[in-house]
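Contents: one structure, followed by commentary.
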Amino acid sequence: MPSDLAAFRASLGAAEPPAGLSAALNALWHEARNDWARAHGIVQEHEDEVCAWVHAYLHRKEGDLSNAGYWYRRARKPIASGSLDEEWAAIVHACL
């Protein structure tokens with residue numbers, strides 16, 4: 001499993017995600033490789049606050065801000081106001 005953000009970003013060039021990723025990191029890995037649907041499917045199967053944060057990010061990215069707001073509340077996180085890239089990196093960093 002990657003130990004920092006740079007290593008996680010480097011893993012995006014592989015055909016498969018690194019072994020041992022949490023559900024949240026697995027979803028973020030797939031989303032970064034432009035597979036939003038797979039990422040969404042992963043977080044839908046989990047109820048923890050970190051997956052809720054990823055779920056919020058995914059809906060924010062798709063432009064569904066109402067749904068994103070619901071998931072931010074479930075994650076107990078403020079609605080993100082920075083760029084999507086900044087939020088993605090913040091979630092990855094928090095999960096590593």
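Per-residue Cβ neighbour counts within 10 Å put TRP88, TRP71 in the sequence TRP88, TRP71, beginning with the fewest. Averaging the Cα positions of each part gives two centres, and for segment 18-41 and segment 55-86 these lie 16 Å apart. Computed from the Cβ-Cβ distance with R0 of 30 Å, the FRET efficiency linking ASN34 to ARG74 stands at 0.75. What label, among [x] -0.71; [y] -0.58; [z] -0.65, belongs to log10 I(q)/I(0) by the Debye sum over Cα atoms at q = 0.16 Å⁻¹ computed from the structure on display? Working out log10 I(q)/I(0) by the Debye sum over Cα atoms at q = 0.16 Å⁻¹ from the coordinates points to [y].
Residues of segment 36-60 with the amide nitrogen closer than 13 Å to a label point 7 Å from the Cα of ARG9, along Cα-to-Cβ, please. From segment 36-60, the list is empty. Compared with the dominant Cα axis of the chain, that is its longest principal axis, helix 84-95 is turned about 70°.
Across the options SER81, LEU21, HIS46, the greatest Cα extent toward the positive end of the charge dipole of the chain (unit charges at beta carbon of Lys, Arg, Asp, Glu) belongs to SER81.
Sequence-distant contacts, meaning Cα pairs under 8 Å at least 6 residues apart, place the relative contact order of segment 15-66 at 28 percent.
The simple spin-label model puts a point 7 Å past each Cα toward its Cβ; for SER66 and ALA90 those points are separated by 2.5 nm. If R0 is 25 Å, the Cβ-Cβ spacing of SER83 and ALA23 corresponds to a FRET efficiency of close to 0.55.
As a rough guide to protection, the peptides 51-63, 33-45 ranked by mean Cβ packing within 10 Å, highest first, stand as 51-63, 33-45.
No value in this document is a laboratory result; all are computed from the given coordinates. Note that this is a predicted model, so its numbers are computed, not measured. Note: ideal-geometry Cβ built from the backbone for every residue, glycine included; neighbour counts use all protein chains shown.
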